[in-house]
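Input: a single structure, listed below in structure tokens.
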Amino acid sequence: MKKITLLFLLLSSIIFAQNKVKVDLSNPNSAIYTHLYFLQADSYEPEKAATTIYGFEGEAAVDIAIKLKKILDGKGLKVDFSKVPTDRMYSDTTGYKIGHRYVLFPHQMPNIYVERIGNNWYYSSETTNMVSALYKSMYPWHIEKLLQIIPEFGHKKILKIELWQYLGLLILLTLSTILFFVFRKIIFYILQKLQYLIIHKSSEKMNSALKKLARPIVLLLLIGFVKMLLPSLLLDLDINTIIFLALNIMSTVFWIYVFLKLVKVVMSVYEDFAKSTHGKLDDQLVPILHNFLTGLVIFLGILKLLTLFGVEPVTVIAGASIGGIAVALASQDTVKNLIGTIMIFIDKPFHIGDWIEAGEVVGTVETVGFRSTTVRAADTSVYQIPNSTLSEMVINNKGLRAFRRYSTDLGVRYDTPPELIEAFVIGIRKIIELHPATRDDAFNVEFSGFGDSALLIYVNVYFTSLDWNKEQASKHSLHLAILNLAKELGVDFAFPSTTVMIEQFPEKKEIGIDYNIEKKRIQQIINTIK
């Protein structure tokens, strides 16, 4: 019986020895686990944990190992060993620390990492050298003094939190509330001053936006304040992890809110600028640019939120890129139209309200959207032209003309005397020079040739108004002035006709107009033109 008992004890000791955790520095996972495991309350052997500290020995190595764990606990950083590599030849290719290195928390604390030295993995010299300074910033000297004067009653725990820690949380919350109301006014005042320095003007709309912007900025400052003091309360790692995760989520949400309000403020300023410019295409760009920036802020915010839950941004971007390629292949026309929209806003071949000719489409540009441009024709019908097509077309922009050109041929009867033709030409020239809507330095009025049924007088003028309605009104007044001149001079306009000449006919009489070509009368008529 004794032999059986001894055999049982021997087997138990062998099994226990096999299950006992040993110091293992062969890979990143084992090295980090060795450090943290031997500093737990139920397996506390700091000398073994200190073997992960390279370049230090004895008490110095133990002190660094303990302080490093307290730093991680104070920041609420819990190692997920399922994600820590077990490859002894692991090499980081993410860009944080290139080489045989592994960064524990690349987003929160990128300077804390292990590296391969020889055949083993240790905490890097960069990490060990910064531990003391980082520990002092997180745990000031008065924390130890405070712990010494707290009575035993204060160390009683409720839900893993000691009573003095509850009091510390209450004080921290009260102090943050007071600072919120103080900083809100200060931040709003600073934002007003910055806004005035940048754009030199203010409005109720901007002040309202700045007030909304000041609140999340103050909250972000207070979150930073809380995160700085929270480690001093020495809360449990699990509690710290939950609190810091909540604070980081709140911080990210507030940053999203701040940037959304900032986009709104910037677009409000740009909208005022766009209204002050001559072209209306900038006005159309305001909502498009606002939607784009809003979408970009939300996308980056969601990306940041995912990183808080352990999702690598590289993975998300890679997935988004692959998905983007698939979507692009499935909707090539949409992508082309989007690129066409960008080219239209960059090149600005027209503005809102311009009269354009694009292929068979002639009309006024009304809107420019993400996908298409709306053109309203003279008959009020509406054309939707895809921006990809419009960006490749030859566009004749009538709206960019410096003047509106108008030319026509006036046909007078063939039997009009040369003296009246000359007087008629001189009179039209004077009408154009005195007309308020035409250029007096660039026009042509000439006897241009012989038509089938009339003597042709070519008239070419430039109207100063670019508005189509004003152009028609100017034509109307110009035409009436020419008709009145023709009536005063006795000049008749020709129309298509055929004259049959009969040489011999009883009592034949010549049919013609008796033109008055008296020079004095003609000059008086010319002088009366106003």
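Is segment 208-225 home to any residue that is surrounded by fewer than 16 Cβ atoms within 10 Å (Cβ to Cβ) and among the polar types (S, T, N, Q)? Yes, the conditions are met somewhere in segment 208-225.
Tallying residues that are buried (at least 19 other Cβ atoms within 10 Å of the Cβ) and of a type in the set (Val, Ile, Thr) within segment 336-351 yields 2.
Criterion applied to Ile223, Ile242, Ile178 was being touching a Leu at 6+ places or on another chain (Cβ under 7 Å), part of a helix (DSSP H, G or I) and farther than 30 Å from Asp272 by Cα, and the one residue passing it is Ile223. On inspection, Leu489 does not qualify as buried (at least 16 other Cβ atoms within 10 Å of the Cβ), aliphatic (A, V, I, L, M) and modelled with pLDDT of 90 or more. Counting only strands (runs of 3 or more DSSP E) that fall entirely inside segment 338-415 and contain at least 3 residues that are in contact (Cβ under 8 Å) with a residue 12 or more places away in the chain and within 26 Å of Ser474 (Cα to Cα), the qualifying elements are 355-358, 361-368, 404-412.
Could you pull out the residue among Val23, Val62, Val79 that is in a loop (DSSP other than H, G, I, E, B), among the β-branched types (Val, Ile, Thr), modelled with pLDDT of 85 or more and farther than 21 Å from Asp238 by Cα?
Values: Val62 fails: in a loop (DSSP other than H, G, I, E, B); Val79 fails: farther than 21 Å from Asp238 by Cα.
None of the other options fit; the residue is Val23.
Quick check on Arg88: is it among the basic types (Lys, Arg) and either touching a His at 6+ places or on another chain (Cβ under 7 Å) or free of Cβ contacts under 8 Å to residues at least 24 places away in the same chain (or both)? Spelling it out, it is not the case that Arg88 is among the basic types (Lys, Arg) and either touching a His at 6+ places or on another chain (Cβ under 7 Å) or free of Cβ contacts under 8 Å to residues at least 24 places away in the same chain (or both). In segment 133-162, the residue that is farthest from Val84 (Cα to Cα) out of those that are open to solvent by less than 50 Å² (accessible area, probe 1.4 Å) and in a helix (DSSP H, G or I) is Gly154.
Among the residues of segment 439-462, how many are under 52 Å from the mean Cα position of the chain (by Cα) and part of a loop (DSSP other than H, G, I, E, B)? Of the residues in segment 439-462, 5 are under 52 Å from the mean Cα position of the chain (by Cα) and part of a loop (DSSP other than H, G, I, E, B). Taking segment 373-398 as the range and being open to solvent by less than 30 Å² (accessible area, probe 1.4 Å), at pLDDT 85 or above and of a type in the set (Ser, Thr, Tyr) as the test, the residues that pass are Thr373, Thr374.
Of the residues that make up segment 509-521, is at least one assigned to a helix (DSSP H, G or I), at pLDDT below 90 and within 30 Å of Ala377 (Cα to Cα)?
Here is the first cut: in segment 509-521, the residues assigned to a helix (DSSP H, G or I) are 519-521.
When the remaining residues are screened for being at pLDDT below 90, the result is 519-521.
Going one step further and asking which of them are within 30 Å of Ala377 (Cα to Cα), we end up with none.
There is no residue in segment 509-521 that is assigned to a helix (DSSP H, G or I), at pLDDT below 90 and within 30 Å of Ala377 (Cα to Cα).
The values are calculated or read from the model by the stated rules, or taken from the named source; none is laboratory data. All values derive from a computational prediction rather than experimental measurement. When we count neighbours, we look across all protein chains shown, and the Cβ atoms used for this are built from the backbone with ideal geometry, even at glycine. We work out accessible area using only protein heavy atoms, side chains counted, and drop any ligands, DNA or RNA first. Shrake-Rupley method; radii C 1.70, N 1.55, O 1.52, S 1.80 Å.
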